[in-house]
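K.L.:
Starting off with a structure, shown below.
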Amino acid sequence: STFVIQGIAADDIFVFIDAWNQSQEHDVLVEDVERRFAWVYRRAAKAMFITTFTTFSAFLATALSEIVPIAAFGIFSACLIASNYLLVITSFTGMVILREKLMVKYRAWKTKKTGDLQGEEKESKTKRTNS
């Protein structure tokens, strides 16, 4: 069940990242991170919930089996599926927001640093030509 849950988690993450990337096409959303996140969250959480719920239901249905190890596997896997959904919509989304805020600061720092370096290069070229 470890490989199954990793595959489902990867799929959920892909759905969220895809929605995040699609949100870049909307100028209004790109300017405001909170608004962008709300749009992405609503869009991705619905899609992830539907796929997670169907998988959860399928594993939970195996709990009706008279064979105890199969029933236990179904219950255990259903719990993993539910836990996976909760972790992806809470922890992973928080990491995406944190990354975005850090990248904004990094881009601003890099632009400032690059701008300063370009200004220094222009000054040194001017000094060389004047000499």
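K.L.:
With springs only between Cα atoms under 10 Å apart, run a GNM on the chain and tell me which of Tyr41, Tyr85, Tyr106 wobbles the most.
P.N.:
In this elastic network of the chain, the residue with the biggest mean-square fluctuation among Tyr41, Tyr85, Tyr106 is Tyr106.
K.L.:
Write down Rg/Rh for region 63-109, rounded to two decimals, with Rg from the C-alpha atoms and Rh from the Kirkwood relation over Cα pairs. If you can, show how the numbers build up before the last one.
P.N.:
Numbers: Rg = 19.1 Å, Rh = 13.2 Å.
That ratio equals 1.44.
K.L.:
Report, to the nearest 10°, how far helix 93-130 tilts away from the longest principal axis of the Cα atoms in the chain, using its own Cα long axis and a range of 0 to 90°.
P.N.:
The answer is roughly 20 degrees.
K.L.:
Further, regarding this structure: Keeping the other protein chains in place, figure out the carbon and sulfur percent of the accessible area of region 1-114, with a 1.4 Å probe.
P.N.:
Working: 5240 of 7640 Å².
So the carbon and sulfur contribution to the accessible surface is 69 percent.
K.L.:
Please identify the GluC sites (Glu not before Pro) of region 1-69 that satisfy two criteria: DSSP loop assignment and at most 10 other Cβ atoms within 10 Å. Which are they? Don't jump to the answer; show the numbers that get you there.
P.N.:
Numbers: sites: Glu25, Glu31, Glu34, Glu66; in loops: Glu66.
Those satisfying the criteria are Glu66.
K.L.:
Using a basic spin-label model with each label point 7 Å from the Cα along Cα→Cβ, how many nm lie between Ala108 and Ala10?
P.N.:
The modelled label-to-label distance comes out at 3.7 nm.
K.L.:
For a quick check of understanding: with a 1.4 angstrom probe and all protein chains in place, what accessible area in square angstrom does Met95 have, to the nearest ten?
P.N.:
Taking all protein chains as shown, Met95 has close to 110 Å².
K.L.:
Follow-up question, since we're still on this one. Hey, what's the chain come to in accessible area per residue, 1.4 Å probe, Å²?
P.N.:
Working: 9330 Å² over 131 residues.
Value for the chain: 71 Å² per residue.
K.L.:
Also, I was wondering about something else. With mean projected area of the Cα convex hull in nm² defined as stated, name the option among (1) 10.9; (2) 9.4; (3) 9.0 computed from the structure displayed.
P.N.:
Among (1) 10.9; (2) 9.4; (3) 9.0, the one calculated here is (1).
K.L.:
Sort the following peptides by mean Cβ neighbour count (other Cβ atoms within 10 Å, averaged over residues), highest first: 108-114, 77-83. Mind dumping the intermediate values first?
P.N.:
Numbers: 108-114: 10.1, 77-83: 17.7.
Packing order, densest peptide first, comes out as 77-83, 108-114.
K.L.:
Measure nothing but the geometry: give the 0 to 90° angle between the long axis through the Cα atoms of 2-22 and the longest principal axis through the Cα atoms of the chain, rounded to 10°.
P.N.:
40 degrees
K.L.:
Quick one: helix 33-61 against the long Cα principal axis of the chain, what's the angle to the nearest 10°, folded into 0 to 90?
P.N.:
20 degrees
K.L.:
Let me ask you something else. Net charge near Glu100: determine it from the other residues with C-beta under 13 Å of the C-beta of Glu100, scoring Lys and Arg +1 and Asp and Glu -1. Kindly include the intermediate steps, with their values, before the conclusion.
P.N.:
Numbers: positive: Arg35, Arg36, Arg99, Lys101, Lys105, Arg107; negative: Glu31, Asp32, Glu34.
Counting the neighbours of Glu100, the net charge comes to +3.
K.L.:
Taking the Cα centre of each part, how many Å lie between region 1-47 and region 49-101?
P.N.:
Region 1-47 and region 49-101 have Cα centres spaced 18 Å from each other.
K.L.:
If you count only protein heavy atoms and use a 1.4 Å probe, how large is the accessible surface of Arg43, to the nearest 10 Å²?
P.N.:
My reading of the accessible area for Arg43 is about 120 Å².
K.L.:
For every helix of n ≥ 4 consecutive DSSP H residues, a contribution of -39,500 (n - 2.57) applies; sum these over the chain, divide by its total residues, and give [θ] at 222 nm rounded to the nearest 500 deg cm²/dmol. Let's see the in-between values first.
P.N.:
Values: 5 runs with 113 residues, N = 131.
Roughly -30000 deg cm²/dmol at 222 nm, from the helical runs in the chain.
The values are calculated or read from the model by the stated rules, or taken from the named source; none is laboratory data. Here the structure is a predicted model, which is why all the values come from computation and not from measurement. Note: ideal-geometry Cβ built from the backbone for every residue, glycine included; neighbour counts use all protein chains shown. The accessibility values were calculated without ligands, DNA or RNA, using every heavy atom of the protein model including side chains. Shrake-Rupley method; radii C 1.70, N 1.55, O 1.52, S 1.80 Å.
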